[in-house]
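Below is one structure, written out as structure tokens; comments come after it.
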Amino acid sequence: MPFLTLTGVQKLFGAFTAVEDFNLEAEKGEFVSFLGPSGCGKTTTLRMIAGFELPTGGTIVVNGVDVTHRPPNQRNVGMVFQSYALFPNMSVADNIGFGLKVRKRPKSQVEKRVQELLELIHLEDRGNRYPYQLSGGQQQRVALARALAIEPQVLLLDEPLSALDAKIRLILRTEIRAIQRQLGITTVYVTHDQEEALSLSDRVVVMSEGRIEQIGTPFEIYNFPATAFVASFVGTLNLVAAGVIDAGSGRLSLAGQEVRTTKAVTEGGMDGRVTLAVRPEGISLGEGPEGSNRLRGTIEDINFLGSIVRLRLRLGDSNGTGLTLGETGTTISLDTFNEPHLTVPPVGELVTVWFPQEACFVLGSAREGAAAAAELVTEV
Amino acid sequence: MTQGGSPYAAMKLRVPGEPELPSKVPPNEKPRRGALWAWIVFGLGFLYFFLPLIATIEFSLGHPTGPVGAEPSLQYYENVLIDPRSEFFPRLFFSFLIAIATIILSIAIIVPTAYWVRLRLPRLRPIVEFVTLMPFVIPPVVAVFGLIRTFSGPPFPLMNTTIGSNVVLVGAYTILSFPYMYRAVDTGLRAIDIRSLTEAAQSLGAGWPRIIVGVIFPNIRVALLSGAFLTLAIVIGEYTMASFLGSKTFGPYLSLLGQNRAFEPAGVSIISFGLTWIAMGAIQFIGRGGERIQVGGAR
């Protein structure tokens, strides 16, 4: 039996639909992330679970109890905010103990629990400090301890790391996951950072325009995106328009060169073109083994990104040979791991790249793929 | 030490052939013109504020039988402070009581209102602001006649008793304090992230009374003190309403004294001025600790 269930949850603000038909079942101790661009409804959904927003429709059930219409102070749900929201007039210890004092727990019990949590967040000696005397990372740790102090049924985190710098974010991310695993608390985490969502979660809910695009494990979300939006939002992806040579056998035409997919092409636009998706790390320089897809093109740009080097390739040769009439040339990116002895072809060189048939997949019509890519560019 | 005799003169770094640039700030430069003007403006402001006080003090020390300012004497202060028939202290004490009641009532009305408007009803803010400005629109003499007319008979015949008229007076003063208290509280609320603080407290199980008293009040303490100061200053010196409502407060006493005596009102003004400042200092002292509070939810 799921511990947290959202069934047909909907939220309207006037005529604007913020969340539409949201369905989710989370097990006890599961870490679920809501991932999506700004305005996709992820925070609104989280606030409905917390009780700060009343759903227009649907139900929210926690541990078998319908809490849809319960006020937030009667849900026993812990919340961590992006802005920390620590009480400025209270010390760290008082902040952590606030929820327990509200519950009228004995003083000795409050002190013991506060001490336990201070140890959990490694701030044993900061109990008497005030929030303004702590760094951003320390304040967020205190906010986490405060939310955990009441032993909530569900822990909700609303972009808790967004206000922190990259290094602290990475450390705190690991700590949050470790604490969550240690306590076995059901957690919902809202973020627009795909790396955060993929690295932390048991399951990821990708959202766009108030709707769920896909629910799955990080592995599924990354490797088998269900929609063009998920494919374009999660990770880096080459989305290119391709013509269909033979839909049944999955033969496509890309910049005049043939590409094969492992599945038959069932979708396609009125113009007979589809969107082909290939991740940059799925493409390699060279001829590759027999049966793999090969493309020829000219190196147009080389980007050094630290651990990887990204090459941009314009398909066809520098004279445009290989392009069908009307095509101005398609570019794709490929990633190669950086290493001290790495040699990459210079800009302008004609090269061959390859990728296995299973590394590429078709995402609906070419127009749909282009819309997903454009939406992403606009939102990001 | 002269420039030429300085042992460090030879250490000055110069590029050969480079002309020596004239120093922008000569060592014996006079204060900058901007700073001079600032001091002049400050001096004028100081005189504007303190000259009347000094004149009042000097007048209050005038000799009882001689010409004004002949020989300084504390005779009039004694008349006011020591004379058992003097109503100075009872009136002042009563005014302080009325002021405290006014401050409490004003805070009790304004804080939840301003908080709720900021949290849930931001569209109502212009209307609430306008309502709080009514004391500037309606003259006190008009307002007090309205109050007398309303509360002289059923269903609220408050004016028939002393306690009742004092209740009306506190109510009237509370309305007078609205423009100052509302703005002070609203500014305080603007400085903190009340939405996040409220939601954090709610998620931890707190109800509305606990949120307002335990979270909001302490974090707008400085703003509350500011509103309280202004209310105290208004109530202590208010004459029109107190006079028409027949309350024995300090304002009417000061007026009555001014009509019958020459020097004592000046002395009383100085004393009341000092006492008001002491009261403000006491409130500030009681409310100390604000400096450790970070205004805002996050750094």
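Computed from the coordinates by the stated procedures, all read-outs in this text should not be read as laboratory data. Since we're looking at a predicted model, the values are computed, not measured. Backbone-built Cβ (ideal geometry, glycine too); neighbour counts: all protein chains shown.
Data table
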quantity: Cα principal axis extents for segment B:80-287, largest first, Å; calculated: 63, 43, 27
quantity: Under 5 Å, built H, 5+ apart or other chain: amide partners of A:Arg273; calculated: A:Ala366
quantity: Between helix A:92-102 and chain A: long-axis angle, C-alpha atoms, 0 to 90°, nearest 10; calculated: 70 degrees
quantity: Order of A:Arg141, A:Arg169 under a 10 Å beta carbon neighbour criterion, fewest first; calculated: A:Arg169, A:Arg141
quantity: For segment A:269-314, convex hull of alpha carbons as volume per residue, Å³; calculated: 121 Å³
quantity: Between 0 and 90°, nearest 10: helix A:166-183 axis offset from chain A longest Cα axis; calculated: 60 degrees
quantity: Cut-off 9 Å between beta-carbons: net charge of the residues surrounding B:Tyr253, Lys and Arg +1, Asp and Glu -1; calculated: +1
quantity: Neighbour-limited loop hits for trypsin sites (Lys or Arg not before Pro), segment B:172-263 (at most 15 other Cβ within 10 Å; DSSP other than H, G, I, E, B); calculated: B:Lys248, B:Arg261
quantity: Inter-label distance, nm, simple model (7 Å from Cα along the C-beta direction), B:Phe49/A:Ser162; calculated: 4.5 nm
quantity: Label-zone membership for segment A:162-203, site A:Glu116, 7 angstrom Cα→C-beta point, backbone N under 13 Å; calculated: A:183-184
quantity: Difference of contour (0.36 nm per residue) and Cα-Cα distance, B:Tyr239 to B:Leu74; calculated: 56.7 nm
quantity: Segment B:80-287: relative contact order in percent, alpha carbon pairs under 8 Å with at least 6 residues between; calculated: 30 percent
quantity: Given A:Lys28/A:Lys101; A:Lys42/A:Lys167; A:Lys104/A:Lys167, the pairs whose alpha carbons are separated by over 31 Å; calculated: A:Lys104/A:Lys167
quantity: Estimated Rh, the protein assembly as shown: Kirkwood, alpha-carbon pairs, angstrom; calculated: 32.3 Å
quantity: Cleavage-rule hits, GluC sites (Glu not before Pro), segment A:217-302, DSSP coil, Cβ neighbours within 10 Å at most 16; calculated: A:Glu267, A:Glu287, A:Glu290
quantity: Over chain A: Rg over Rh, Cα atoms, Kirkwood Rh; calculated: 1.07
quantity: Cα-centre dipole for the protein assembly as shown with unit charges at Cβ (Lys and Arg positive, Asp and Glu negative), debye to 20; calculated: 2300 debye
quantity: Spin-label model distance (nm) - A:Ala15 vs A:Gln133, 7 Å beyond Cα toward Cβ; calculated: 5.5 nm
quantity: Environment charge at A:Leu35 (Cβ cut-off 9 Å; Lys +1, Arg +1, Asp -1, Glu -1); calculated: -1
quantity: Ranking of A:Arg260, A:Arg75 by count of other Cβ atoms within 10 Å, fewest first; calculated: A:Arg260, A:Arg75
quantity: Neighbour cut-off at most 15 other Cβ (10 Å), DSSP loop, GluC sites (Glu not before Pro), segment A:1-87; calculated: A:Glu27
quantity: Charge dipole of the protein assembly as shown about the Cα centre (unit charges at C-beta), most positive-ward option of B:Tyr239, A:Ile179, B:Pro209; calculated: B:Tyr239
quantity: Mean ellipticity per residue at 222 nm, deg cm²/dmol - from DSSP H runs of n ≥ 4 across the protein assembly as shown, formula -39500 (n - 2.57); calculated: -13500 deg cm²/dmol
